[in-house]
Amino acid sequence: MWLQRNWDCNVILSKLIPYKVSNIMSRIGVFICHCGENISATVDCERVAKASSEMEGVEFATDYKYMCSDPGQTLIKTAIKEHHLDGVVVGSCSPRMHEATFRRACSEAGMNPYLCEIANLREHVSWVHEKCEATTNKAIEIVHGLVEKVKRNRPLDAIEVPVTKKALVIGGGIAGIQASLDIANCGQQVILIEKGPSIGGHMSQLSETFPTLDCSQCILTPRMVEVAQNPNITLYTYAELEKLEGFIGNFKATIRLQAKSVDDSKCTGCGLCTTKCPQNNIPSEFNEGLGTRTAIFTPFPQAVPNKPVIDKEHCKYYQKGKCKVCQKFCPTGAIEYDKPDEFITEDIGAVVVTTGFNVLKTEFFPEYGYGKYKDVINGLQFERLASASGPTLGEIRRPSDGQIPKKIVFIACCGSRDPAKGIPYCSKICCMYTAKHAMLYQHKVHDGDSTVFYMDVRAGGKNYEEFVRRAVEEDHVNYVRGRVARVYEKSGKLIVKGVDTLMGAKPVEIEADMVVLATAGVANKGAEELAQRMHISYDPYHFFTEAHPKLKPVETNTAGIFLAGACQAPKDIPETVASASGAAVKVVSLLSRPTLIREPLVAVVNRCAPPLFSTCVGCFMCQTICPYQAIEREEIKDRKTGKVLKVIARINPGLCQGCGTCVSFCRSKSIDIQGYTNEEMYAEVTALLNK
Amino acid sequence: MKIGFYPGCSLQGTAREYNESVKAVAEAFDIDLKEIEDWNCCGASAAHSVNKDLSLALPARILALAEKQGIDEVVVPCAACFNRLAVAQYELNEDAAKKAETENVIEMTFNNKVKIINVIQFIDKYIKDKIADKMTRKFEHKVVCYYGCLLIRPHKIIGFDRVEDPMSMDELMTTIGASSLDWGFKTECCGASLSIARTDLVAKLSGNIIKDATERGAEAIIVACPMCHSNLDMRRPQIDEYVGKEIPTPVIYITQAIGLAVGVAPEKLGLQRHFVKVNTL
């Protein structure tokens with residue numbers, strides 16, 4: 001019942017306002033815009049206005065060069081007042097462009113804004129037809145349809161929704177950290193959940209960052225500490241979103257807190273347990289398998305929170321029932337083996353999804369020998385080799401024998417831009433990080449020789465192209481334009497066979513000591529499932545989809561859920577941080593409002609006088625097909641006895657997106673979309689047909 | 001069990017031992033190979049670069065005959081024939097007008113639904129699981145498997161094995177007890193039909209293949225294509241000249257290796273027919 005709010009009475013009240021069907025009583029105004037010459041070049045606007053004035057119920061009609069301009073709007077407002085108009089049709093551009101403008105003008109003149117309709121005479125008529133009589137006739141017909149519709153429009157009131165002033169940020173990488181800090185610094189509460197034992201994400205694994213070569217950890221770790229210390233941020237690590245219900249301003253999130261087996265309140269982070277754990281040969285995720293860790297571990301020394309967790313899959317005690325070494329040595333008694341996972345629920349106003357990405361590690365390109373040859377590694381592994389906190393303490397040493405590779409080959413576009421074997425899109429970050437890798441290698445191995453095989457170098461970005469040129473010109477990285485056909489091992493060397501397409505497709509063969517594959521950036525495992533859990537859309541590659549690729553880059557199609565960072569597509573750090581701050585602003589502007597105003601264009605189940613109450617028969621077919629889980633059961637009770645008289649469907653106006661699926665499914669025609677009722681739509685269509 | 005069989009010209013000429021070994025292995029596993037009656041040339045390797053219609057009509061006639069003779073699956077051991085038949089079938093299925101036109105040319109109508117399989121698919125499907133029971137002598141040799149270009153290409157049409165790093169032959173060789181070596185020339189070009197016009201190029205390309213195989217200690221090179229075989233085997237004198245020494249490593253068909261493992265007599269497998277003698281086996 002927590003969804004039940006006082007604001008739904010608005011909707012019901014508007015539903016009870018009787019239909020205004022009397023055509024004779026209607027006083028409609030029609031305003032035809034020339035849109036400069038956009039419309040008037042092919043449509044005879046004057047004739048449209050004249051024809052409109054002769055339509056039944058039209059009180060006033062005129063045309064004007066720029067209806068959206070200030071004098072144009074004044075024209076509408078004055079006409080509404082002088083002619084006591086009770087409906088307006090504006091023949092202009094697409095409603096997506098100026099519907100809001102004209103509705104606001106009507107509203108300022110004292111008319112209910114939903115009694116204003118837009119006839120799209122630009123995109124639907126003038127832009128797509130030649131100048132001729134039929135074109136003008138079509139414009140007249142469209143206006144006529146809308147005049148008939150607007151006669152039946154009923155005044156609607158915007159829906160007010162309360163807002164829970166707390167944001168949930170999912171994913172503690174740089175995107176999540178940035179978004180959380182930005183929201184928290186605006187004084188709003190944030191819950192940040194991270195799946196792993198520490199925040200920091202991929203950025204904490206990186207060595208140095210392009211194009212400035214500043215140390216990734218040095219710029220990141222202070223921000224991680226800020227997250228931990230900010231009083232407005234509640235951080236849950238080892239935590240995942242289990243369920244998300246509700247709607248914008250009013251979400252309810254269920255969060256699973258995975259048992260860490262270590263009591264955070266008792267643990268001092270001394271690290272004694274991690275030195276004593278006998279299970280010390282587990283491939284370290286943080287080091288991308290190039291180093292090892294223990295079963296009780298903190299992923300890296302700068303982790304936030306800097307307290308260990310037990311990896312149950314590898315812990316001897318959990319697997320075999322014996323060991324408890326960590327418990328024995330823990331000076332504060334913080335180890336608690338038997339604690340189960342916990343579930344907490346939180347009321348949330350807005351969500352930012354920042355779950356990041358990963359790189360292809362599978363056998364996508366068996367011909368390159370990844371997984372078969374130890375010295376063929378991916379870009380993320382190279383980051384660990386080059387990082388001062390990595391398994392080689394920043395020295396470039398190859399995994400097989402720890403030797404310093406004297407000849408290294410970087411292969412760009414491994415899987416990217418390769419619809420046949422990999423993915424068709426460009427992973428965007430690889431050109432830059434490959435240049436950086438080659439550069440770092442040259443800085444660390446002075447007598448080393450590095451070659452980059454590339455398709456194109458895509459270095460769009462501030463100081464990016466200069467950076468790549470620096471690698472080529474100052475650090476003498478050998479750039480070869482061409483694909484690599486195969487990598488194979490022979491007498492301890494990795495033979496890289498490729499082609500140089502700038503040298504007349506000359507075959508190139510390099511005997512390398514190490515090969516680094518710039519594997520494609522892909523969506524995280526489980527991204528699809530998470531998207532379904534939150535009801536947000538995703539693309540065929542399981543990246544989350546923004547509401548509009550240009551104008552709504554951080555919004556999703558589900559109101560109140562925002563995106564940032566590489567969960568949308570591969571992004572570099574600057575772009576990720578920018579999108580995170582963008583999403584944070586959206587969240588803050590949402591949370592700073594006392595209530596939310598939503599368009600009342602939602603579905604409603606009709607109500608009428610007892611004993612019928614509604615024509616709804618309670619079959620709940622609508623409930624099964626509603627894509628937004630907006631339909632609930634409503635019991636109509638006898639006021640005196642409390643006896644349930646009838647059960648009908650009720651549409652939660654906060655959740656309903658006005659898609660209309662329920663309307664077409666309703667067997668008893670009991671549901672209507674406000675602003676697009678069956679009656680209104682039929683009137684419009686009938687008018688179009690009876691020209 | 002009855003399966004259609006299309007030998008093509010190679011298996012009647014330069015690759016007689018391939019023909020013999022395919023049939024011998026099939027027989028050893030009680031599989032009846034029914035040769036398509038009145039079959040014709042598949043069009044490889046010239047037709048598709050000279051005349052598109054001809055390159056479709058030739059395989060179409062073969063497939064139509066197979067259908068008429070009640071064959072619904074046909075094994076095509078020659079990689080070039082396999083490739084031509086599979087590609088023509090795909091192209092005709094994609095283009096109804098072309099199919100009608102081709103039917104007109106061959107004066108036969110057909111559904112074009114005959115399943116075309118190469119020798120590896122054939123062994124995988126009908127023989128692989130039974131090898132363990134029939135094996136009389138493990139094929140305990142170090143080998144490299146050479147796939148060449150046509151067996152698995154174009155991948156979109158053939159849809160079999162991994163295109164750049166195929167493993168199906170390696171798996172079969174492991175099944176019969178061989179140790180199959182990792183090497184770099186699985187799908188490198190052998191020079192193919194340049195064998196006649198530019199023997200020097202074949203010597204170079206095939207020479208590199210042979211060289212890598214022997215340097216890794218392979219005792220034999222396993223193939224499934226008559227063209228590859230003839231380049232690696234028949235052109236050995238030219239290869240030896242290119243490499244600068246005599247290389248004794250034999251090139252044998254996968255069916256010959258399997259035949260040996262299940263106890264088929266070497267003569268029945270045509271092992272005596274190779275230019276590079278197969279003595280070590």
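Within the range A:320-365, what is the number of lysine pairs with alpha carbons under 30 Å apart, leaving out pairs fewer than eight places apart on the same chain? Please list the in-between numbers first.
Numbers: A:K320/A:K328; A:K320/A:K339; A:K322/A:K339; A:K324/A:K339; A:K328/A:K339.
Going through the range A:320-365 pair by pair, I get 5.
Nearest 5 percent is fine: what portion of the DSSP beta bridges confined to chain A is antiparallel? Mind showing how you got there, number by number?
Details: 56 of 107 bridges.
Of the beta bridges lying entirely in chain A, close to 50 percent run antiparallel.
Local charge sum around B:I258 (other residues, Cβ-Cβ under 15 Å, Lys/Arg +1, Asp/Glu -1)?
-2
Provide a whole-number value for the mean count of partner chain Cβ atoms within 10 Å of the Cβ atoms in peptide B:181-191.
3
What does the charge count near A:C186 come to, summing +1 for each Lys or Arg and -1 for each Asp or Glu among other residues with Cβ under 15 Å from its Cβ?
Once positives and negatives cancel, what remains is +2.
Could you list which residues have their amide H under 5 Å from that of A:I32, counting only those 5 or more apart in sequence or on another chain, with H placed in the peptide plane?
Those qualifying (amide H under 5 Å, at least 5 residues apart or on another chain) are A:T62, A:D63, A:Y64, A:G91.
Order the peptides B:88-98, B:49-59 from the highest to the lowest mean number of other Cβ atoms within 10 Å of their residues.
So the peptides B:88-98, B:49-59, ranked by packing, come out B:49-59, B:88-98.
Counting Lys +1, Arg +1, Asp -1, Glu -1, what net charge surrounds A:D70 among other residues with beta carbon under 13 Å of its beta carbon?
After counting each charged neighbour, the total is +2.
Can you tell me how the range A:55-137 classifies by the Cα gyration tensor, rounded, prolate or oblate, using a/c under 1.5 as the rounded cut?
prolate
Tell me the mean residue ellipticity at 222 nm calculated for chain A from its helices only (DSSP H runs of n ≥ 4, each -39500 (n - 2.57), averaged over every residue, nearest 500).
-8000 deg cm²/dmol
Going out from 0 in 20 Å bins, what whole percent of all Cα-Cα distances in the protein assembly as shown drops into each bin?
Cα pair-distance distribution for the protein assembly as shown, in percent: 11, 28, 30, 25, 6, 0.
Calculate how steeply helix B:96-106 sits against the longest principal axis of the alpha-carbon atoms of chain B, using the helix alpha-carbon long axis, and give the answer as 0 to 90 degrees to the nearest 10.
Once rounded, one gets 90 degrees.
Label points 7 Å out from Cα along the Cβ direction at A:D447 and A:R470: separation in nm?
Here the answer is 2.7 nm between the modelled labels.
Please find the FRET efficiency linking A:D338 to A:C270, where r is the Cβ-Cβ separation and R0 is fixed at 25 Å, and quote it to the nearest 0.05.
0.65
Given a Förster distance of 60 Å, report the FRET efficiency between A:N280 and A:E123 from their Cβ-Cβ distance, rounded to the nearest 0.05.
So, using R0 = 60 Å, E works out to roughly 0.35.
Using the Karplus equation 6.51 cos²θ - 1.76 cosθ + 1.60 (θ = phi - 60°), what ³J(HN,Hα) coupling, rounded to whole Hz, does each residue of the range B:217-227 give in order, writing x for Gly and Pro?
So the Karplus estimates, Gly and Pro as x, are x, 5, 8, 7, 10, 9, 10, 9, 8, x, 5 Hz.
Each residue of the range B:10-20 in turn: what ³J(HN,Hα) in whole Hz from Karplus with 6.51, -1.76, 1.60 and θ = phi - 60°, glycine and Pro shown as x?
Once θ is set to phi - 60°, the couplings for the range B:10-20 become 4, 5, 9, x, 5, 10, 3, 5, 5, 4, 4 Hz.
Under 14 Å from a point 7 Å along the Cα-to-Cβ line of A:C608: which residues of the range A:658-691 have their amide N that close?
So the set is A:668-672.
Please report the base-10 log of the normalised intensity I(q)/I(0) for the range A:600-689, using a Debye sum with one equal scatterer per alpha carbon and no solvent, at each q in 0.15 (1/Å).
Listed by q, the Debye log ratios stand at -0.59.
Treat every Asp and Glu Cβ in chain A as -1 and every Lys and Arg Cβ as +1, leave all other atoms uncharged, and give the resulting dipole magnitude about the Cα centre to the nearest 20 debye.
1660 debye
If one computes the Cα centroid of the range A:243-296 and of the range A:23-69, what distance in Å separates the two points?
Centre-to-centre (Cα) distance: 66 Å.
How large is the helix-only mean residue ellipticity at 222 nm for chain B, computed as the sum of -39500 (n - 2.57) over DSSP H runs with n ≥ 4, divided by its residue count, in deg cm²/dmol to the nearest 500?
The helix-only estimate for chain B comes to -13000 deg cm²/dmol at 222 nm.
Please quote Rg/Rh for the range A:618-663 to two decimal places, taking the Kirkwood radius as Rh and restricting both calculations to Cα atoms.
Working: Rg = 12.3 Å, Rh = 11.4 Å.
That ratio is 1.08, to two decimals.
Of B:K2/B:K113; A:K165/A:K637; A:K243/A:K669; B:K186/B:K211; A:K372/B:K115, which pairs sit farther than 24 Å apart, going by alpha carbon to alpha carbon?
A:K165/A:K637; A:K243/A:K669; A:K372/B:K115
Given H placed 1.01 Å from N in the peptide plane, which residues other than close sequence neighbours of A:V169 have an amide H under 5 Å from its amide H?
A:I191, A:L192, A:I193, A:V352
For the range B:64-77, in order, what is each residue's ³J(HN,Hα) by Karplus, 6.51 cos²θ - 1.76 cosθ + 1.60 with θ = phi - 60°, in whole Hz (x at glycine and Pro)?
Once θ is set to phi - 60°, the couplings for the range B:64-77 become 5, 4, 4, 4, 4, 8, x, 9, 10, 9, 10, 9, 10, x Hz.
Calculate, in nm to one decimal, what A:T292 and A:S491 gain on full extension: separation in residues at 0.36 nm each, minus their alpha carbon distance.
Here the segment from A:T292 to A:S491 would lengthen by 68.8 nm.
Taking H placed 1.01 Å from N in the peptide plane, check which residues at least 5 places from B:K34 or on another chain put their amide H under 5 Å from its amide H.
Long-range HN contacts for B:K34: B:I3, B:G4, B:F5.
On a straight-distance basis, which lysines could pair with B:K52 in a cross-link, Cα separation under 20 angstrom, same-chain partners fewer than 8 positions away excluded?
B:K98, B:K99, B:K156
Convex hull volume of the Cα atoms in the range A:259-340, per residue, in Å³? Let's see the in-between values first.
Values: hull volume 7.3 nm³, N = 82.
Hull volume over Cα atoms, normalised by residue count, gives 89 Å³.
Might you report the magnitude of the Cβ-based charge dipole of the range B:1-154 about its Cα centre, with Lys and Arg at +1 and Asp and Glu at -1, to the nearest 20 debye? Provide the component values of the computation, followed by the final result.
Working: 20 positive and 22 negative charges, 109 e Å.
Around 520 debye, computed over the range B:1-154.
Does the range A:74-201 come out rounded, prolate or oblate, given a ≥ b ≥ c as the square roots of the eigenvalues of its C-alpha gyration tensor, rounded meaning a/c under 1.5 and, failing that, prolate meaning a/b above b/c?
Note, shape of the range A:74-201 comes out prolate.
No lab work stands behind these numbers, since they all come straight from the coordinates. Keep in mind that what you see is a predicted model, and the values were worked out from it rather than measured. Heads up, the Cβs are rebuilt from the backbone with ideal geometry, glycines too, and the neighbour counts pull from every protein chain shown.
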